[in-house]
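**Student:** The structure's right below; bear with me while I get my questions together.
The values are calculated or read from the model by the stated rules, or taken from the named source; none is laboratory data. All of these numbers come straight from a predicted model, not from anything done at the bench. All Cβ positions, glycine included, derive from the backbone under ideal geometry; neighbour counts span all protein chains shown.
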Amino acid sequence: AQSVTQLGSHVSVSEGALVLLRCNYSSSVPPYLFWYVQYPNQGLQLLLKYTTGATLVKGINGFEAEFKKSETSFHLTKPSAHMSDAAEYFCAVSEDTGFQKLVFGTGTRLLVSP
Amino acid sequence: AAGVIQSPRHLIKEKRETATLKCYPIPRHDTVYWYQQGPGQDPQFLISFYEKMQSDKGSIPDRFSAQQFSDYHSELNMSSLELGDSALYFCASSSGVGGNYEQYFGPGTRLTVT
């Protein structure tokens, strides 16, 4: 069975500071990995995904993530936080066969202070 | 670009009543997924359909049923509602064309059971 662990239910950063949201996965088969963002009272928006190929994945809004198989990690980073980045971030995993359900982590709330 | 449409956006029901949630996938998407997100929780997979056939099933109560119709829209039927069914219900759609299995989420239906 697949699972995702997000370290830290809340992460606080100052505007302009580095954002690092941690995600570790467990999967018995090569995984597909995703980061989604959820703003209050809204749906889930895909930030980026890893399927195969390049392990450093660039997404929208300046976010990127690196797939490290040896560490079973897929941490999300952004060099400089903006106030508008404040939201809930979910890491998710699915199997590489496609058409598979997403298994989400418990989420990390990013707080950005001026 | 067209997005996933869910209706209604908000629904208030009493215990033991029935609710029907509707999902209209992105045009030419052949797969629909349903997720339930309780307050302060991560989304949990309920059920999915591919080409109008159930493709996967998660932690969906027996009181719930779903189907995908010939026009690919899907409906989630919930009977004998309980207070614990109060949650945000997301529908997502995807297409396997070109090996792109990204799931695009709708804005969700917020169900409140009183």
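**Student:** If I filter region A:57-90 down to residues being loosely packed, with under 12 Cβ neighbours inside 10 Å and polar (S, T, N, Q), which single residue comes out as farthest from A:PRO30 (Cα to Cα)?
**Tutor:** In this case the residue turns out to be A:SER84.
**Student:** Can you confirm whether B:LEU11 is of a type outside the set (Lys, Arg), surrounded by fewer than 13 Cβ atoms within 10 Å (Cβ to Cβ) and over 17 Å from A:LEU102 (Cα atoms)?
**Tutor:** No, not satisfied.
**Student:** Among B:SER70, B:SER48, B:SER65, B:SER74, which is of a type in the set (Ser, Thr, Tyr) and over 14 Å from the mean Cα position of the chain (by Cα)?
**Tutor:** The conditions single out B:SER70.
**Student:** For B:LEU83, are the conditions met, namely being modelled with pLDDT of 95 or more, closer than 14 Å to B:GLY108 by Cα and not polar (S, T, N, Q)?
**Tutor:** So B:LEU83 does not fit the description; no.
**Student:** Wholly within region B:30-114, which strands (runs of 3 or more DSSP E) include no fewer than the required count, namely at least 1 residues that are in contact (Cβ under 8 Å) with a residue 60 or more places away in the chain and either within 9 Å of chain A (Cβ to nearest Cβ) or in contact with a helix residue (DSSP H, G or I) (Cβ under 7 Å, 6 or more places away or on another chain) (or both)?
**Tutor:** Counting at least 1 such residues, we get B:31-37, B:74-78, B:87-94, B:109-113.
Residues are listed down the side, and each one gets a yes or a no for (1) among the aromatic types (Phe, Trp, Tyr); (2) in contact (Cβ under 8 Å) with a residue 60 or more places away in the chain; (3) in contact with a helix residue (DSSP H, G or I) (Cβ under 7 Å, 6 or more places away or on another chain); (4) part of a loop (DSSP other than H, G, I, E, B):
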site	(1), (2), (3), (4)
A:VAL4	no, yes, no, no
A:SER12	no, yes, no, no
A:ALA17	no, yes, no, yes
A:LEU21	no, yes, no, no
A:ASN24	no, no, no, no
A:VAL29	no, yes, no, yes
A:VAL37	no, no, no, no
A:ASN41	no, no, no, yes
A:GLN45	no, no, no, no
